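Enquirer: Could you have a look at this structure, given as structure tokens, before my questions?
The values are calculated or read from the model by the stated rules, or taken from the named source; none is laboratory data. Owing to the predicted nature of the structure, the values given are computational and were not obtained by experimental measurement. Methodologically, a virtual Cβ is constructed for each residue, glycine included, from the backbone with ideal geometry; neighbour enumeration extends over all protein chains shown. We work out accessible area using only protein heavy atoms, side chains counted, and drop any ligands, DNA or RNA first. Shrake-Rupley method; radii C 1.70, N 1.55, O 1.52, S 1.80 Å.
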Amino acid sequence: MEQERRKKNSAVVKKVKTRLGERFDEFKQLSSYYQRDVLPATEFVNKALETLGGDMQLLLELVELLPDPDKREAVIKCSASLAQPSKRDPAPRVSWPATSPSPDKGSWDKSPVLDLRESRSTSASPRINVVWFKPTDMRVHDHLPMARAHGYGDGGTHGEPLPVLHLFVFDPFWFKKLPLTGLAKTGPIRARFWMESVHDLRESLRRRGQELIIRRQPTEQAMRDISTQFRIANVYAYNEVCSEELSMEERVRGVVEAGGGALSVLQGFTLYHLEDLPFDPLRSFPQTYSAFRRAVEQGCRVRAVGEEWPKYRKTGHSIVSEKGRGSLQGTCEPLCPAPTGVEVGNIPTYQELGLEEPAPLDDRADHIWRGGETSALAYLNDYFWKRDLLRRYVGATNTMTEGKIAIGKEATTKLSPWLAHGNLSPRLLYQEIENYEKRRLKNKCTYWLKHELIWRDFIRFGAMAWGDNIFKIGGIGRQMANWRWSRDQAKFSRWTTGQTGFPFNDCFMRELVATGYTTHCGRECVAWFLVRDLGLDWRMGGEWFEHTLIDYEPAANWGNWAYRIAPTATKWGPREGDVTQSIEMLLWAHKHDPEARPEQIATTLCDGSQLRVYSLVLNAKPARHVKMWLPELEPLPAKVALEPWRMSVRELSPIFSVEWSCEQCTYINSSDRTECELCNDSRPLSYCGFNYGKDYPMPIVEPKITKDKSPS
Ligand SMILES: Cc1cc2nc3c(=O)[nH]c(=O)nc-3n(C[C@H](O)[C@H](O)[C@H](O)COP(=O)(O)OP(=O)(O)OC[C@H]3O[C@@H](n4cnc5c(N)ncnc54)[C@H](O)[C@@H]3O)c2cc1C
């Protein structure tokens, strides 16, 4: 009997689906609310009729699809009474949009404005829940605040079903000027990524019959405005760890509580849950990354993705991998209705945000990122499953394994912009690594990606433990306050524009400006150079990164500067009488590039320090990275492109190994030279059309040159 019913139903579904197209999905959504008791029978019938264009016959046919016989019967009764209009229930308190707003085409600024009612919240105003999305959680998968707002509590229980308003605010806070440099907190490249992410989130919600309400004003003001129209029962949001964001949270809490509601702040962003940590991050945070890693690896588990959502929990489909369903369907359904009568709001223009429109991303970029969960998941699928790159992943912070080079398009995942904006949940990424390990291969590379996510957690929980010290000149242990810091604007400007005359700095800085990204190795090179060699206030570097990075996240940026860069750089030098020390990078390059021979780089090593500064020069043999971002150095042999001062320092000869042959000074040792470069008193500063000092600047500080010192 039941089998027959199912057979009949699937025939009905097939027929009606073709006829109704998108409206069938709407109907399905409505019936899921009805089955979950979010909608009473009368309201379900009213809305279903609207969706079906008033076709009662069709409705009765579709009602047969409902599995629960009581629910079917209630609808049939209700439809009969609806035949007499006078008996219809009064209009529901919270109404629905007749159809989901159609996705914006072309410009995403033209989102429709729904009926805006000027009203003051009263006890009769509709009660709603709010999901407060932030720039760090722009997705629908594995989103705890969304689950809670839609009535899913711990263990998947069903809470009070209220209409849910989804909110994203372009708060002017994110675009205000930074104190030392006067730069906008968010630069144009990251702003574009945000806009794309917001657009994607809005589309994703619309596909679920929801709407993303967008505002451009202080967040607490946005909340206040909403509370003049609705009674806000609960605002659900992810937690913050840095002080300015926490202050914003407190202001929002004030507004919500004044209206009789509550702000529920839920733990997220990290791989591990705060409550699962085997130590109290505020009282006994591990002193070092290694201690942190050992503690979490031994003492806590990673919670499952989206365990709050019954449908997702039940099917357990991968939303990424080839063997799973590969779509977001079921990750966060069914949902409560959206309130209507709200101005939906547009995504602002660059001009409205006070920014210049950015040029398209430079095609030399490691990746042309597009913001949003859709592209994040597609990219992840591509990296893991289609191109199968995880098996040879190197990892951002993998600096100790000789021969490993963390520069290059495939050496690291390039997921940071999506992780930083919450387009991708770290738990989902972790789950996918485990899938990969089960299905394809488990090796050091697959582990290393988990290790990087632990780094990410260390820095984020660290920001809780270290507090505002990560923004202060003295740093985490306040040990750097009295170091000789400078704020020399001319030096800073040469650093930011990639004109210091040190290719290992300049290539990464130019890449950063053009793309919003450079590898971890690049970030460490330029950051160390700023502190150790230029002696500039490290917070100026921090601000530059904050403005420029496409993957900026406050804890990750300031935490890395305060924990990793500034203390190490000031500990090791420069000491009295020292000149540039970051040349150590060349030593590191040697260790990592099997093709670099000691004698090729031994001439420009720093003096003694074992500090390992990485592999800038990676791809050292052809100096690929340097030449890609500093095309003016293209005519130079690789060794000279990496250290152009070889052209001007007699002790560094032979500068060009190619064609060199002067034992007793008669040979023209390179193509355009008329005299031996060693024996010639006026050493030429041009080579194959390259004019040193004109095409590329002389070094901003003197390179430290230690002749004939081989790396240990
Ligand atoms: C001075 C400085 C500032 C930085 N600022 C940021 C920032 O604002 N936002 C940011 O996401 N990363 C920052 N990093 C960390 C790191 O450089 C980038 O996360 C990494 O380069 C991103 O490339 P990927 O996604 O290919 O890395 P992968 O090697 O693929 O790593 C996977 C993920 O692990 C995380 N991760 C890896 N290393 C770190 C780390 N040291 N700290 C925090 N997370 C890490 C990132 O989310 C990254 O996407 C900074 C590093 C330094 C030295």
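Enquirer: Which members of the range 687-700 meet the condition of being in a strand (DSSP E or B) and touching a residue at least 12 places away in the same chain (Cβ under 8 Å)?
Expert: Listed by number, the residues that qualify are Y687, F690, Y692, Y696.
Enquirer: Same structure, new question: Looking at the range 416-462, which of its residues are touching a residue at least 60 places away in the same chain (Cβ under 8 Å), among the hydroxyl-bearing types (S, T, Y) and open to solvent by 20 Å² or more (accessible area, probe 1.4 Å)?
Expert: S416, Y430
Enquirer: Condition first: within 11 Å of the ligand (Cβ to nearest atom), more than 20 Å from E543 (Cβ to Cβ) and in contact with a Leu (Cβ under 8 Å, 6 or more places away or on another chain). Can you find one or more residues in the range 521-529 that meet it? Write out each step before concluding.
Expert: Filtering the range 521-529 for residues within 11 Å of the ligand (Cβ to nearest atom) gives 521-528.
With the extra rule that they be more than 20 Å from E543 (Cβ to Cβ), the set shrinks to 521.
If we keep only those that are in contact with a Leu (Cβ under 8 Å, 6 or more places away or on another chain) too, we end up with 521.
Yes, because at least one residue in the range 521-529 is within 11 Å of the ligand (Cβ to nearest atom), more than 20 Å from E543 (Cβ to Cβ) and in contact with a Leu (Cβ under 8 Å, 6 or more places away or on another chain).
Enquirer: Then there is this: If the requirement is being in the same structural domain as N398 (by TED's automatic domain parsing), in a helix (DSSP H, G or I), among the basic types (K, R) and over 25 Å from the mean Cα position of the chain (by Cα), which of these qualifies: R283, R224?
Expert: Result of the check over R283, R224: R224.
Enquirer: Which one of these is assigned by TED's automatic domain parsing to the domain that holds W455 and buried (at least 18 other Cβ atoms within 10 Å of the Cβ): G260, G306, G299, G254?
Expert: G306
Enquirer: Among the residues of the range 378-398, write down those that are away from the ligand (no atom under 15 Å from the Cβ) and either in a helix (DSSP H, G or I) or under 20 Å from G522 (Cα atoms) (or both).
Expert: Within the range 378-398, A378, N381, W385, K386 qualify.
Enquirer: Residue under question is T518, and the condition is that it be in contact with a Phe, Trp or Tyr (Cβ under 7 Å, 6 or more places away or on another chain) and either among the hydroxyl-bearing types (S, T, Y) or in the same structural domain as L183 (by TED's automatic domain parsing) (or both); does it hold?
Expert: On the way: in contact with a Phe, Trp or Tyr (Cβ under 7 Å, 6 or more places away or on another chain): yes; either among the hydroxyl-bearing types (S, T, Y) or in the same structural domain as L183 (by TED's automatic domain parsing) (or both): yes.
Criteria met by T518.
Enquirer: So if I check each of T515, T570, which one is surrounded by fewer than 24 Cβ atoms within 10 Å (Cβ to Cβ), of a type in the set (V, I, T) and away from the ligand (no atom under 13 Å from the Cβ)?
Expert: T570
Enquirer: List every residue pair whose Cβ atoms lie under 6 Å apart, where the two residues are 6 or more positions apart in sequence or sit on different chains, the first residue falls within the range 374-397 and is closer than 11 Å to L415 by Cβ, and the second residue, located anywhere, is open to solvent by 30 Å² or more (accessible area, probe 1.4 Å).
Expert: Hits for this filter: A396/H520.
Enquirer: Taking the stated definitions as given, is I407 over 30 Å from M698 (Cα atoms) and within 16 Å of the ligand (Cβ to nearest atom)?
Expert: It is false that I407 is over 30 Å from M698 (Cα atoms) and within 16 Å of the ligand (Cβ to nearest atom).
Enquirer: Sort out which residues of the range 440-465 are touching a helix residue (DSSP H, G or I) at 6+ places or on another chain (Cβ under 9 Å) and more than 10 Å from the ligand (Cβ to nearest atom), and write them in order of number.
Expert: R440, L441, K442, N443, C445, T446, Y447, F461, A463, M464
Enquirer: Follow-up question, since we're still on this one. Answer with yes or no whether F173 is of a type outside the set (A, V, I, L, M), out of contact with any Leu (no Cβ under 7 Å at 6 or more places or on another chain), surrounded by fewer than 18 Cβ atoms within 10 Å (Cβ to Cβ) and not assigned by TED's automatic domain parsing to the domain that holds W558.
Expert: Answer is yes for this residue.
Enquirer: Of all residues in the range 456-489, count the ones that are aromatic (F, W, Y) and either within 21 Å of E297 (Cβ to Cβ) or in contact with a Lys or Arg (Cβ under 6 Å, 6 or more places away or on another chain) (or both).
Expert: 2
Enquirer: Give the range 530-546 a look and list any residue that's under 19 Å from T186 (Cα atoms) and more than 8 Å from the ligand (Cβ to nearest atom), or say none. Steps first, please.
Expert: Here is the first cut: in the range 530-546, the ones under 19 Å from T186 (Cα atoms) are 538-546.
The answer is W538, R539, M540, E543, W544.
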